[in-house]
Each structure stands twice: as C-alpha cells, then as structure tokens.
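Contents: one structure, followed by commentary.
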Amino acid sequence: MIKQIKNVLKEKGLLEGVQKIIIGYSGGPDSTLLVEALSDYSDVEVVLVYFNHNLREDSKDEENFVKKEAKKRGLKLLINGADVRDYCNKHSLSIEEGARALRFSYLRNTKNKENADLIALGHNFDDKIENFFIRLLRGSGFGLSQMSYKDGDILRPLLDFRKSEIIDYLKENKIAFYNDPSNKSEVYLRNKIRLKLIPLLEEIREDSIENISKSINNLRDVEKALEKLIDAIKITYHFNYAEIDRDDFEKLPSACKFLILKKMLSIFNSDLELKRAHLKNLPARGIVKLKSAYLEIMPSRVIVAKNIAEKEKELSLPGETLYGYYNIETEVISPPVKLQANGCEFFDLDCLELPLMVRRKKIGDRLVAFGTEDSKKIKDLFINNKVPRVLRNIHPIIYDKKGIILIPGIKRSNRAPVLKKTEKILKIRYKEVANAGEKK
C-alpha cells in the first residue's frame, strides 16, 4: 500500500519541489498511514500537527497516544486545542463545522510559521463519498466533488483507498493506531452516512460506491472547466478581507459567480456557508451576512470580509499592535522631525492624556479634523472615504482619555499638534497588513 501511495505521488508530481510537509495527525488509521508514507522520504521534512477538540472523555488519551507515537518515530510534533463546543455556541456553528474551522485554522497557521510547502490530510475513498453525500443533503450545487489529490497547498494522497483497506494494512503490519470511539456514534451526519447509507447502497448494488466515485470525478472535470473561467479574474487578498472588481464579477455567468465567491471566502474557511440562495437573492448593492463572514456588493467592488469582534486594546509606547486589518506602530521621538510622511501621524505627547487605546467605531463618534474647527461624524468620514461597510467595524479608532485622535488612513484630529515648543513627539505609523498577495 505504501508503494501504491508513492506511485500516486510520483505519477501526479504531487511532491515536486516540496521540502517540508505539515501532516494533520490524529493517531487514527488514516493519518497513521499518511505518516508511514510521507516520513519515508529522506529529502522531505515532516512535521506532525495534532489539534485536541476536547469533545470526548478520551481526548487526553488520544493526545498521549499521539505524543508517544511521534516520539517513537522521532518526528517533530506540535499540539494545540480548544473548547470546540464553546466556540460553536458563540458562532452558531454545528460541532462538525466548528471543529473543522478551528482545526484547519491551526494547520494553516502552523504551515505559515514552519514555512512548510504543503498540508497533508488523511482523507480516504470513503471520506470522498461521505463528503459528497453531506454536501448533496445540504443542498449544495457546485462543490459536490470537493476532494482531490491536491487543492492549492492541501495534499490528499489516500483518496484511492477504502477505510477497511487501510485498517487491514495497518493491522497486518502491526502498526499502532488510535480508535476514535465517536466514529460509531450516529449523532453526527457523517457517521450516519458511513454506518447506514453507504452499506444500504452497497446492498442495493455491489458497485454503487465505485460508480458514485466515477460521477464525482466527472463533476470535478466540469467544475475545473468552470474554474478556468474565473482564473482570469484577479482577486486581491488583504488581511481579513478580499476583493474583486465589480465589472469583472458582473461579466461572469451565475455558476462562476458562485465559484469565485466561494474561492474568496475559503481564506476564512467560510466557503461552505455560501449557498445558491445567497447568489439568487444577491442585492444590486448591499450586504449579505453569513455565519462567520460578510459579503458586500459595492458600485466598483465586491468584497468578502471576516466577521470578527475586535476588542478594545491599549497601545504600548513604544510598541506594535495588530487591529482589524491594520498594523499600528508607536514610537516616542525627539524633535526635529520631518512631519510629512505617508502612513504616519505625529502628536505632541505631552498634550495627550494616556493611556492610548484603539477600538472599533461606536454610535455617535465624532472628530474635529486637523485644520478644521467643525466636528464631523465618524460615519460620514467613512462614507466620504469610501470605506466598505463590512470593514467599518474592524477599522481602528485611536483615542486617549479626551477623545479620538486618529482614524488611520482617513483623518487625524486637530489636537496635540507638533509645535516649536514640543519636547516629545508621538509617532504613529499605520499600514494595512499584507496577506497572501494578489492571486489569480
């Protein structure tokens, strides 16, 4: 079986130029086989990543098993975890959706920190079939054939193998793996499909699952053809949001509009939240709210943004703070200084009443802008500067005890100007955080 997996990797060129792989490792049979196959390459570094969902009584036992196996194999292991139930309650998600979002977020963050090339997952043939039925039962249109050997930086080399084959191979070769007791619970939709629907289909027709797999592959070919149409559309990715040109969006047929919006939402793992009904009822101008993201249709742009509730933060002097989609740096300097600098504002520190804080906008916020005497609503400043509505709740507002002193990228207040008598200068540098750059 290991030889078969390596043949797939070689024939499809899935490891070309790859030097480091993150493996999502749970100790179960699929990820164990994945570790067996990928750790056998001398020129590819493997890092195991385990995420504890804390959903079962035996969660600690599973984590200890993973630690023991990683140590036995001499492989680097990184561990994290979360209270999935609490996260799901706060974000109105099912346990399966919340677990996937948290797990994948950790895998993605780890890949970036480790400068790895790929994230390898142990999805097998049965997972592909189960995933197809899950999406079908939820009314999905496109995306029914979601799993493939390689999607971007996601590697799935086990898609040809049935679960039973994998378990038999591990047992025959005396390779230890952990049995997740929740796989037998019919509480979860995936398990119901695995334990009831698939056996029934195989009873009706022996080759039914293989034929469904062929249909999935055919659907994938159709989706690939549609994806080529959206490849010409430039998506600009930022930190916590992404955008495309409205004219480019309107030129696309309905099916491709759906696909490009899902592609944009996938950076927040929110793509499954988008339904065909959203597209059917898309406003000419306005906002569509999903569970964990927003979609805004503007005259010149189409934007998707992550739904995050940023909390008030104190700005250290000096220091660096990430807020919303901005990075804010503060520094105390002495005069003289050139006050004309892009992405910077300067204040007389002694004229401010610390601490310096940053927060989201509030109803009734006002600012007297530098060089003026009139107080203006922050809401009007956002509108005049064409700040998308979906970004206004994560746009930083910097203030001291007396009030707002700066809205990065928009306006500063007329307070605390730097004068000849100024002895200490507060320099605030701000910049939108770069993300994945521009992609096709």
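State all residues of segment 52-68 that are of a type outside the set (A, V, I, L, M) and at pLDDT below 90; if no residue qualifies, say none. Talk me through it step by step, then tell me what you get.
Restricting attention to segment 52-68, the residues satisfying the condition of being of a type outside the set (A, V, I, L, M) are 52-54, 56-65, 67-68.
Selection gives ASN54, ARG56, GLU57, ASP58, SER59.
Condition first: out of contact with any Lys or Arg (no Cβ under 9 Å at 6 or more places or on another chain), open to solvent by 90 Å² or more (accessible area, probe 1.4 Å) and not acidic (Asp, Glu). Now tell me which residues in segment 346-380 satisfy that.
Result: LYS362, single match.
Do we have any residue at all in segment 214-228 that's β-branched (Val, Ile, Thr), out of contact with any strand residue (DSSP E or B) (no Cβ under 8 Å at 6 or more places or on another chain), open to solvent by less than 30 Å² (accessible area, probe 1.4 Å) and more than 23 Å from LYS128 (Cα to Cα)?
So the first thing to find is which residues in segment 214-228 are β-branched (Val, Ile, Thr), and the list is 216, 222.
Subset that is out of contact with any strand residue (DSSP E or B) (no Cβ under 8 Å at 6 or more places or on another chain): 216, 222.
If we keep only those that are open to solvent by less than 30 Å² (accessible area, probe 1.4 Å) too, we end up with 216.
If we keep only those that are more than 23 Å from LYS128 (Cα to Cα) as well, we get none.
So far as segment 214-228 goes, no, none of its residues is β-branched (Val, Ile, Thr), out of contact with any strand residue (DSSP E or B) (no Cβ under 8 Å at 6 or more places or on another chain), open to solvent by less than 30 Å² (accessible area, probe 1.4 Å) and more than 23 Å from LYS128 (Cα to Cα).
Under 8 Å by Cβ, and 6 or more places apart or on different chains, what pairs join a residue from segment 238-254 that is among the aromatic types (Phe, Trp, Tyr) with one that is assigned to a strand (DSSP E or B) and surrounded by fewer than 19 Cβ atoms within 10 Å (Cβ to Cβ)?
From residues that are among the aromatic types (Phe, Trp, Tyr), the pairs are PHE239/GLU432; PHE239/ALA434; PHE239/ASN435.
So which residues in segment 391-430 are open to solvent by 20 Å² or more (accessible area, probe 1.4 Å), in contact (Cβ under 8 Å) with a residue 40 or more places away in the chain, farther than 30 Å from MET298 by Cα and not in a strand (DSSP E or B)?
Within segment 391-430, LYS401, LYS402, ASN414, ARG415, PRO417, VAL418, LEU419, GLU423, LYS424 meet the criteria.
LYS150 - would you say it is of a type in the set (D, E, K, R), crowded, with 21+ Cβ neighbours inside 10 Å and modelled with pLDDT under 90?
Numbers: of a type in the set (D, E, K, R): yes; crowded, with 21+ Cβ neighbours inside 10 Å: no; modelled with pLDDT under 90: yes.
For LYS150, the condition - of a type in the set (D, E, K, R), crowded, with 21+ Cβ neighbours inside 10 Å and modelled with pLDDT under 90 - is not met.
Show the residue pairs meeting these rules: Cβ distance below 7 Å; 6+ apart or different chains; first residue within segment 77-91 and in contact (Cβ under 8 Å) with a residue 40 or more places away in the chain; second residue open to solvent by 60 Å² or more (accessible area, probe 1.4 Å).
From segment 77-91, the pairs are LEU77/LYS67; HIS91/LYS291.
Which numbered condition trips up ILE303, out of (1) part of a loop (DSSP other than H, G, I, E, B); (2) under 30 Å from LYS289 (Cα atoms)?
Among (1) part of a loop (DSSP other than H, G, I, E, B); (2) under 30 Å from LYS289 (Cα atoms), the lone unmet condition for ILE303 is (1).
Checking GLY343 against (1) within 19 Å of PRO417 (Cα to Cα); (2) open to solvent by 40 Å² or more (accessible area, probe 1.4 Å); (3) within 32 Å of the chain's Cα centre (by Cα); (4) modelled with pLDDT under 95, which test does it fail?
Of (1) within 19 Å of PRO417 (Cα to Cα); (2) open to solvent by 40 Å² or more (accessible area, probe 1.4 Å); (3) within 32 Å of the chain's Cα centre (by Cα); (4) modelled with pLDDT under 95, only one is false for GLY343: (2).
Which one is modelled with the lowest pLDDT among residues in segment 284-326 that are among the small types (Gly, Ala, Ser) and within 17 Å of the chain's Cα centre (by Cα)? Full working, then the answer.
Initially, segment 284-326 is screened for residues among the small types (Gly, Ala, Ser), giving 284, 286, 292-293, 300, 305, 309, 316, 319, 324.
Next, only the ones that are within 17 Å of the chain's Cα centre (by Cα) stay: 292-293, 305, 309, 324.
Values: SER292: 88, ALA293: 92, ALA305: 94, ALA309: 81, GLY324: 90.
So, considering only residues that are among the small types (Gly, Ala, Ser) and within 17 Å of the chain's Cα centre (by Cα), the one modelled with the lowest pLDDT is ALA309.
Please identify the pairs in which a residue from segment 357-369 that is more than 24 Å from THR321 (Cα to Cα) and in contact (Cβ under 8 Å) with a residue 12 or more places away in the chain has its Cβ atom under 6 Å from the Cβ atom of a residue that is assigned to a loop (DSSP other than H, G, I, E, B) and open to solvent by 20 Å² or more (accessible area, probe 1.4 Å), counting only partners at least 6 apart or on another chain.
Pairs that qualify, where the first residue is more than 24 Å from THR321 (Cα to Cα) and in contact (Cβ under 8 Å) with a residue 12 or more places away in the chain and the partner is assigned to a loop (DSSP other than H, G, I, E, B) and open to solvent by 20 Å² or more (accessible area, probe 1.4 Å), are VAL368/ASN414.
Could you tell me whether SER185 is hydroxyl-bearing (Ser, Thr, Tyr), open to solvent by less than 40 Å² (accessible area, probe 1.4 Å) and touching a Phe, Trp or Tyr at 6+ places or on another chain (Cβ under 8 Å)?
no
Note down all Cβ pairs under 6 Å where the first residue falls in segment 1-27 and is in contact (Cβ under 8 Å) with a residue 40 or more places away in the chain, the second is assigned to a strand (DSSP E or B) and basic (Lys, Arg), and they're at least six residues apart or on different chains.
Listed pairs, sorted by first residue: LEU14/LYS150.
Suppose we filter segment 109-126 for residues that are touching a residue at least 40 places away in the same chain (Cβ under 8 Å) and either buried (at least 20 other Cβ atoms within 10 Å of the Cβ) or among the basic types (Lys, Arg) (or both); how many remain? Walk me through how you get there before you give the answer.
Of all residues in segment 109-126, those touching a residue at least 40 places away in the same chain (Cβ under 8 Å) come to 110-111, 114-126.
Then keep just the ones that are either buried (at least 20 other Cβ atoms within 10 Å of the Cβ) or among the basic types (Lys, Arg) (or both); that gives 111, 116, 118-126.
Final tally of qualifying residues: 11.
On the basis of being under 23 Å from GLY319 (Cβ atoms) and part of a helix (DSSP H, G or I), does ASP380 make the cut?
Working: under 23 Å from GLY319 (Cβ atoms): no; part of a helix (DSSP H, G or I): yes.
So ASP380 fails the test.
The values are calculated or read from the model by the stated rules, or taken from the named source; none is laboratory data. Everything quoted here is computed from the prediction, not taken from an experiment. Every residue, glycine as well, gets a Cβ built from its backbone with ideal geometry; the counts of neighbours run over all protein chains shown. Accessible surface is based on the protein model in full, side chains and every heavy atom, while ligands, DNA and RNA are left aside. Shrake-Rupley method; radii C 1.70, N 1.55, O 1.52, S 1.80 Å.
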